[in-house]
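The values are calculated or read from the model by the stated rules, or taken from the named source; none is laboratory data. Note that this is a predicted model, so its numbers are computed, not measured. Reconstructed Cβ throughout: ideal geometry from the backbone, glycine too, with neighbour counts over all protein chains shown. Heads up: the accessible areas ignore ligands, DNA and RNA and are worked out on the full protein's heavy atoms, side chains in. Shrake-Rupley method; radii C 1.70, N 1.55, O 1.52, S 1.80 Å.
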Amino acid sequence: MPTRSTTAARATTPFAAFNGRRRGGAPAPDATPLWTRLAGKECETVRDDRFFMQKALELAREALAAEEFPVGCVLVGGGAVLADGRRRGTAQPAPNELDHAEMVALRRLVETAADRDRPPLAAYCTMEPCLMCYAALLLNGVGRIVYAYEDAMGGGTSCDLRSLPPLYRHSAAVIVPGVLRQESLELFRSFFAAPANRYWHNSLLADYTLRQP
């Protein structure tokens, strides 16, 4: 799965295999070639990403069933879901731009987990976070952001943090796009194809989504 980082270039991967012995002749705990073990870790990460994205998609389906914009978000730490949320406030006559899925999940995280108890965090979002949510995720210590469907109109993860003030410039997050993209796309296609759903109706995002294969 392609990734990008908002900080410096990623480290190069060593391709030399261990020879099965430690310095001094003691046997190494694992003589498996390093690249094989790295590949195994990568496969495990891909499985985890798909698993947690499915959780986010379940929330997005709940949102769609409630005629809300189908975005779900789960915040994961230590291999477990710590908080989650889905988009709210888009089905009403005057939609609000505060109750995004990521913001709902972050509020729940703050309510349920003290800072000192938090492991490293990852966010799984069915749509690329907007600038507001991207900044909020960074400021709350989320170091890995995985999303399914790109927001062609308002996605914020391509923002160059190096051009921003120090509070954001020194933040770091690995971005992983396109995990279960097709499943998420189908939800947005269903939303925009329904005449009753007026949120972002006839927008660039709606047009982009309905033209996707």
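Kindly evaluate Leu34 against the criterion of being modelled with pLDDT of 95 or more and not polar (S, T, N, Q).
Numbers: modelled with pLDDT of 95 or more: no; not polar (S, T, N, Q): yes.
Answer is no for this residue.
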Residue in region 9-29 that is at pLDDT 55 or above, within 22 Å of the chain's Cα centre (by Cα) and not in a strand (DSSP E or B) present = no
So which residues in region 179-213 are in contact with a strand residue (DSSP E or B) (Cβ under 6 Å, 6 or more places away or on another chain) and among the small types (Gly, Ala, Ser), if there are any at all?
-> Ser184
Region 84-102, subset in contact with a Leu (Cβ under 8 Å, 6 or more places away or on another chain) and surrounded by 18 or more Cβ atoms within 10 Å (Cβ to Cβ), residue farthest from Leu139 (Cα to Cα) = Arg86
Could you grab me the full set of residues in region 134-154 that are open to solvent by 50 Å² or more (accessible area, probe 1.4 Å) and in a helix (DSSP H, G or I)?
-> Leu139
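Each row is one residue, and each column tells you yes or no for (1) part of a strand (DSSP E or B); (2) at pLDDT 95 or above; (3) open to solvent by 70 Å² or more (accessible area, probe 1.4 Å); (4) in contact with a His (Cβ under 9 Å, 6 or more places away or on another chain).
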site	(1), (2), (3), (4)
Tyr168	no, no, no, no
Ser171	no, no, no, no
Leu187	no, yes, no, no
Ser190	no, yes, no, no
Pro213	no, no, yes, no
Restricted to region 192-211 and to residues being surrounded by fewer than 16 Cβ atoms within 10 Å (Cβ to Cβ) and either among the β-branched types (Val, Ile, Thr) or in contact with a Phe, Trp or Tyr (Cβ under 8 Å, 6 or more places away or on another chain) (or both), the residue modelled with the highest pLDDT is Leu210
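Could you tell me which residue of region 198-211 is nearest to Asp151 (Cα to Cα), considering only residues that are in a helix (DSSP H, G or I) and of a type outside the set (D, E, K, R)? Walk me through it before giving the result.
Pass one, region 198-211, residues in a helix (DSSP H, G or I): 204-210.
The next check asks that each one be of a type outside the set (D, E, K, R); those that pass are 204-206, 208-210.
On the way: Leu204: 10, Leu205: 7, Ala206: 10, Tyr208: 9, Thr209: 9, Leu210: 13 Å.
That would be Leu205.
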Of the residues that sit in region 44-83 and are open to solvent by less than 70 Å² (accessible area, probe 1.4 Å) and modelled with pLDDT under 90, which one is farthest from Thr126 (Cα to Cα)?
-> Thr45
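Let's see how each residue does on (1) within 19 Å of Phe191 (Cβ to Cβ); (2) of a type outside the set (A, V, I, L, M); (3) free of Cβ contacts under 8 Å to residues at least 12 places away in the same chain:
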{"site": "Leu121", "(1), (2), (3)": "no, no, no"}
{"site": "Tyr124", "(1), (2), (3)": "no, yes, no"}
{"site": "Tyr134", "(1), (2), (3)": "no, yes, no"}
{"site": "Ala148", "(1), (2), (3)": "yes, no, no"}
{"site": "Ala152", "(1), (2), (3)": "yes, no, no"}
{"site": "Leu164", "(1), (2), (3)": "no, no, yes"}
